[in-house]
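This report refers to the structure that appears directly beneath it.
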Amino acid sequence: VGMPPSVCMILVEPLFNRIRAELPGVKLRISEAFSGDLDEWLSSGRLDAAVIYRSGRSHNIIGQELLIEDMFLVSRPKDRRSGHKKHVTLAEASAMPLILPGRPHGLRLLIDSACSEKGLALNVALELDAMATIKELVEAGDACTILPYGGVHNEVEAGRLCAARLVGPSIARTLILAQSSRRSRTPATDAVVQRIRSEVKKLIDDEKWTGPA
């Protein structure tokens, strides 16, 4: 099963525990990579399934929508510009010093596109492709970042970071659970896919993935 880094952070632990408890005969292998690589691995049959962001370039892939993720401005709780706010406008967020992944990372392209449509210039202080390090730098300094809530829910619940939903406009992306048409479906694959869907639903219901309603 393939997953992008932001999905691994929230989904791997509960999925692993569920598989061990309910499917002891199944050996699970997780491949972490960006969605573009996962697309290629699915198309070539290297993976049985993957949680990926919807893309128009996927071939030999059968996918079903899992959820739509809104983006959040992530900052320190003491940040006077955004700390403890529930919502921040895209214009406000774009003017703050931001740590973001570089192109052609899908998240960066999504943010760039939204800002371009509104005529906004991003204040990018640092380009960095390591999500864990981005969060550490935001927690320790005065820069912010833009991420889905699921990627920071542990830090928000611990009071180490704050997450304000982007509005005016919002930025969202669609996650799908995809399977490769080049690999034969097995009872084990079907069982794991069903549990992925179930765990994602639970994380949404618990407001850990998509954030407070």
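Assorted remarks:
- Test for GLU65: is it in contact with a strand residue (DSSP E or B) (Cβ under 8 Å, 6 or more places away or on another chain), among the acidic types (Asp, Glu) and surrounded by fewer than 20 Cβ atoms within 10 Å (Cβ to Cβ): yes
- From ALA121, ALA50, residue being part of a loop (DSSP other than H, G, I, E, B) and either modelled with pLDDT of 90 or more or under 19 Å from the mean Cα position of the chain (by Cα) (or both): ALA121
- When LEU47 is tested against (1) in contact with a Gly (Cβ under 6 Å, 6 or more places away or on another chain); (2) open to solvent by 60 Å² or more (accessible area, probe 1.4 Å), only condition (2) is not met.
- The residues on offer are ILE134, ILE111, and the sole one that is open to solvent by less than 10 Å² (accessible area, probe 1.4 Å), without any contact (Cβ under 8 Å) to a residue 40 or more places away in the chain and in a helix (DSSP H, G or I) is ILE134.
- From the options SER184, SER180, residue that is more than 24 Å from ARG108 (Cβ to Cβ) and either open to solvent by less than 50 Å² (accessible area, probe 1.4 Å) or among the basic types (Lys, Arg) (or both): SER180
- Count - residues of segment 7-34 that are within 19 Å of TYR53 (Cα to Cα), β-branched (Val, Ile, Thr) and either open to solvent by less than 40 Å² (accessible area, probe 1.4 Å) or in contact (Cβ under 8 Å) with a residue 40 or more places away in the chain (or both): 2
- Residue within segment 53-61 that is assigned to a strand (DSSP E or B), open to solvent by 30 Å² or more (accessible area, probe 1.4 Å) and of a type in the set (Val, Ile, Thr) present: yes
- The listed residues are VAL193, VAL200, and the only one of them that is in a helix (DSSP H, G or I), open to solvent by less than 50 Å² (accessible area, probe 1.4 Å) and in contact with a Phe, Trp or Tyr (Cβ under 9 Å, 6 or more places away or on another chain) turns out to be VAL200.
- Note on segment 141-194: residues that are among the hydrophobic types (A, V, I, L, M, F, W, C) and farther than 17 Å from SER6 by Cβ amount to 9.
- Qualifying residue in segment 19-31 (condition: in a strand (DSSP E or B), at pLDDT 95 or above and within 27 Å of SER184 (Cβ to Cβ)): yes
- Within segment 142-172, tally of residues that are surrounded by fewer than 17 Cβ atoms within 10 Å (Cβ to Cβ) and either under 23 Å from ILE52 (Cβ atoms) or free of Cβ contacts under 8 Å to residues at least 60 places away in the same chain (or both): 5
- HIS105 satisfies every condition listed in (1) more than 17 Å from the chain's Cα centre (by Cα); (2) over 23 Å from ILE204 (Cα atoms); (3) not β-branched (Val, Ile, Thr) except (1).
- Residue within segment 69-80 that is buried (at least 16 other Cβ atoms within 10 Å of the Cβ), part of a helix (DSSP H, G or I) and either in contact (Cβ under 8 Å) with a residue 60 or more places away in the chain or at positive phi (or both) present: no
The values are calculated or read from the model by the stated rules, or taken from the named source; none is laboratory data. Every value quoted in this text rests on a predicted model; they were computed, and no experiment measured them. Positions of Cβ are backbone-derived with ideal geometry, glycine not excepted, and every protein chain shown enters the neighbour counts. When the accessible area is computed, the model is the full protein with side chains, heavy atoms only, and any ligands, DNA or RNA have been set aside. Shrake-Rupley method; radii C 1.70, N 1.55, O 1.52, S 1.80 Å.
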